[in-house]
Amino acid sequence: MRAAALEQLYQDFELRGVDMFRGVHEHAADLAEDEDAANTQFTAVLKAATELVTEIDIVKHQMSPCFAPHWHVEALWSSCVAHVCSNHIVQQIGGPDGQNLPDLSITQLLELVAWVEYFRETIEETFPEVASMRNTKKTYFVEERPELFAGDKRTVNMKNATDSLAWVNNMLWEVHRLAQEEFLVRTRSQTDEWLDKVYGSETVKNQSSEGKLTTSLCEDIFSFSSVQLRTIRERLSKKSDALILAVCIILSHMRSKQVHARDNFLQDLETCCAASNDFTRMSEKCEDMISEMMSQCEFSEDMIATLEASSNELMGVYSSDAVYSARSVHIYVFDPIEEEIGIRLFEEDWEEQMVDNDLAISLVRTLEDFHEDLEHYMDDFMVAKGVMSLMSATIIFYAKCLLQRAEKHRNNKRPYFGDVKVALDRMTGDIKVMRDYFEGLVPKMPSLKKNIEKDFEILATIHELMSVAAGFSVSDAEDFILVLQKRVRDVGITKHIVGDLWHLVAPTEERYVWELVESMEEQLVAIAPEDPSLALEVNDRSYVKGLRLDEMAVKLYVKSRRNRPIKATAVESIVKNWSTTWSAGAEELNDEE
């Protein structure tokens, strides 16, 4: 009697599942002519399967206590659910190897992944031993109901029951893996598609009531990413690893696109300011988006660490690019300065007529005008970054104009200047005008203070070396050659700069100073050896060109045609060393030529 009752209960359970899906298929047959019939059926199958899995908990807590424990009613019901649901789901996806997965939409893939995770969690909570059974001794078939009874048919063979549940659990987890892979492939493709569209479209330019410049880039990117993430989050469980993997893929591709597209947004002063503001907002938006997700989900510590690492990388790129954009303004500020002031600096009129340091004053006034633009267009924190780059660019600009005059001067007997003492005094006045301007900004930008001394030390060193060469200073040239070497950390560059300074004011002593620097080479290398990390630094995407003395000097000297008092082979050796470190700069020069 007990055996018959137990068998009947098992059959009734199976019929409950079969009836659930029969209704699904009958409804699908009625809609067979509809274009969306397949999608409707897939959704209905998952809905029916979800309902059956949900009833496992009901059977365990409400129905099972009404029967004798050795009937194991929850095992009978769970086995029927596993058998019936897996059979119908495998049919929907084209077999256990998922032949039809590419035909499913992203939403359907998400729903399938979520259902398998729900099934797995329910089965392993109800039967904890199944969680450790990743390999089953027997192979079952989804078309056949598993045999669960012992030989006398009066009891449930729990070993067979758990083994069959473990087999279905593992088989469906392989389906989960296949569906998840397909979903992630689609996520990559979809993410790239909309990123290409956003970055390839012309952004809408905006200006706030305070004058701050932005574009629609931030909104364009995060409006879509937010929708994409919300769609994924709504269909997966709060614990799903697939959710983390999808988010990390999206963040990774956002980072990659930003890395490759950043410079397209930096076309002039205004676009640099807008880009800096945009990238700052994008970093903040990313942080808010991830914080919201973390607060609404229940990820493991490992998954949280993975998500934080991925989001931090993206936020780091956005923040770094915001600073890069702010610092890049110097390129567009000094374009007109080069044209108006650069061609006149250190020329005859500068030396003889501009007793009030007119060009330096004109330079400072131009900087003031651009500074006002930066304050108007850009966030305050980034204005300071921009001004710092303008100060460094000012020093490099002044030094470059001077060294260009050395290249221009081809007389090895007479100084370049008509009156060297007047020229040196004029330089002193110029340097004071420029330094006073930046020191005047310190009350509003305290961060400038520590860089003023460092940057202007370059011009002070150049001026003192020229004074020594001209006989107007009793300082030892060696001391200031060492100071220069500490800044450029390249003996070849130090030789060229010092040689050019002597060529400007004491050309007949140029060979002497070359030999002096050569005699100091061991000491120079010891006090400031070449920086092995420099090549990596200058080729890093956060490196802003045009703000280093050594970079400027290399670009000048690689193109130099002036005969220096050294063997040509020595010059070739020096240039070869430079090309290794300054590969990007060398390519630029080749392009220019």
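The values are calculated or read from the model by the stated rules, or taken from the named source; none is laboratory data. No experiment lies behind these values; they were computed from the predicted model shown. Glycine gets a Cβ as well: all are built from the backbone with ideal geometry, and neighbour counts include every protein chain shown. Note: accessible area is taken over every heavy atom of the protein model, side chains too, but ligands, DNA and RNA are not part of it. Shrake-Rupley method; radii C 1.70, N 1.55, O 1.52, S 1.80 Å.
Determine, yes or no, whether Leu195 is open to solvent by less than 30 Å² (accessible area, probe 1.4 Å) and either at pLDDT below 90 or closer than 25 Å to Ile250 by Cβ (or both).
For Leu195, the condition - open to solvent by less than 30 Å² (accessible area, probe 1.4 Å) and either at pLDDT below 90 or closer than 25 Å to Ile250 by Cβ (or both) - is met.
All but one of (1) under 22 Å from Trp578 (Cβ atoms); (2) over 33 Å from the mean Cα position of the chain (by Cα); (3) open to solvent by less than 70 Å² (accessible area, probe 1.4 Å) hold for Val468; state the number of the condition that does not hold.
Only one criterion in (1) under 22 Å from Trp578 (Cβ atoms); (2) over 33 Å from the mean Cα position of the chain (by Cα); (3) open to solvent by less than 70 Å² (accessible area, probe 1.4 Å) is unmet by Val468, namely (1).
Which is in contact (Cβ under 8 Å) with a residue 60 or more places away in the chain and open to solvent by less than 40 Å² (accessible area, probe 1.4 Å), of Ser86, Ser105?
Testing whether each residue is in contact (Cβ under 8 Å) with a residue 60 or more places away in the chain and open to solvent by less than 40 Å² (accessible area, probe 1.4 Å) leaves just Ser86.
Report yes if Val498 is of a type outside the set (Ser, Thr, Tyr), over 40 Å from the mean Cα position of the chain (by Cα), within 27 Å of Glu351 (Cβ to Cβ) and not in a helix (DSSP H, G or I), otherwise no. Please lay out each step first, then the result.
On the way: of a type outside the set (Ser, Thr, Tyr): yes; over 40 Å from the mean Cα position of the chain (by Cα): yes; within 27 Å of Glu351 (Cβ to Cβ): yes; not in a helix (DSSP H, G or I): no.
Answer is no for this residue.
Of the residues in the stretch 310-347, how many are open to solvent by 30 Å² or more (accessible area, probe 1.4 Å) and not hydrophobic (A, V, I, L, M, F, W, C)?
Going through the stretch 310-347 one residue at a time, the tally reaches 15.
Residue by residue through the stretch 537-557, note down the ones that are at pLDDT 85 or above and assigned to a helix (DSSP H, G or I).
Leu549, Asp550, Glu551, Met552, Ala553, Val554, Lys555, Leu556, Tyr557
Which ones in the stretch 222-274 are surrounded by fewer than 19 Cβ atoms within 10 Å (Cβ to Cβ), part of a helix (DSSP H, G or I) and at pLDDT below 90?
Those that are surrounded by fewer than 19 Cβ atoms within 10 Å (Cβ to Cβ), part of a helix (DSSP H, G or I) and at pLDDT below 90: Phe224, Ser226, Val227, Gln228, Arg230, Thr231, Glu234, Asp241.
Looking at this structure, is Pro65 farther than 26 Å from Arg235 by Cβ and at pLDDT below 90? Break it down stepwise before answering.
Details: farther than 26 Å from Arg235 by Cβ: yes; at pLDDT below 90: yes.
Yes.
Taking into account only those residues within the stretch 288-298 that are touching a residue at least 24 places away in the same chain (Cβ under 8 Å) and more than 10 Å from Val247 (Cβ to Cβ), which is surrounded by the most Cβ atoms within 10 Å (Cβ to Cβ)?
Selected residue: Glu298.
Please list, ordered by first then second residue, the pairs with beta carbon atoms under 7 Å, 6 or more apart or interchain, first in the stretch 350-366 and closer than 14 Å to Lys432 by Cα and open to solvent by less than 60 Å² (accessible area, probe 1.4 Å), second aliphatic (A, V, I, L, M) and in a loop (DSSP other than H, G, I, E, B).
Leu359/Leu345
Is it the case that the stretch 400-415 has a residue that's open to solvent by 40 Å² or more (accessible area, probe 1.4 Å), in contact with a helix residue (DSSP H, G or I) (Cβ under 6 Å, 6 or more places away or on another chain) and not charged (D, E, K, R)?
yes
State whether the residues of the stretch 518-536 include one that is farther than 30 Å from Ser256 by Cα, part of a helix (DSSP H, G or I) and open to solvent by less than 10 Å² (accessible area, probe 1.4 Å).
Within the stretch 518-536, one or more residues are farther than 30 Å from Ser256 by Cα, part of a helix (DSSP H, G or I) and open to solvent by less than 10 Å² (accessible area, probe 1.4 Å).
Here's the yes/no breakdown for (1) closer than 30 Å to Met427 by Cβ; (2) of a type in the set (Val, Ile, Thr); (3) part of a helix (DSSP H, G or I):
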| residue | (1), (2), (3) |
| --- | --- |
| Ser310 | no, no, yes |
| Glu313 | no, no, yes |
| Tyr318 | no, no, yes |
| Tyr324 | no, no, yes |
| His330 | yes, no, yes |
| Val333 | yes, yes, yes |
| Glu339 | yes, no, yes |
| Arg344 | yes, no, no |
| Trp350 | yes, no, yes |
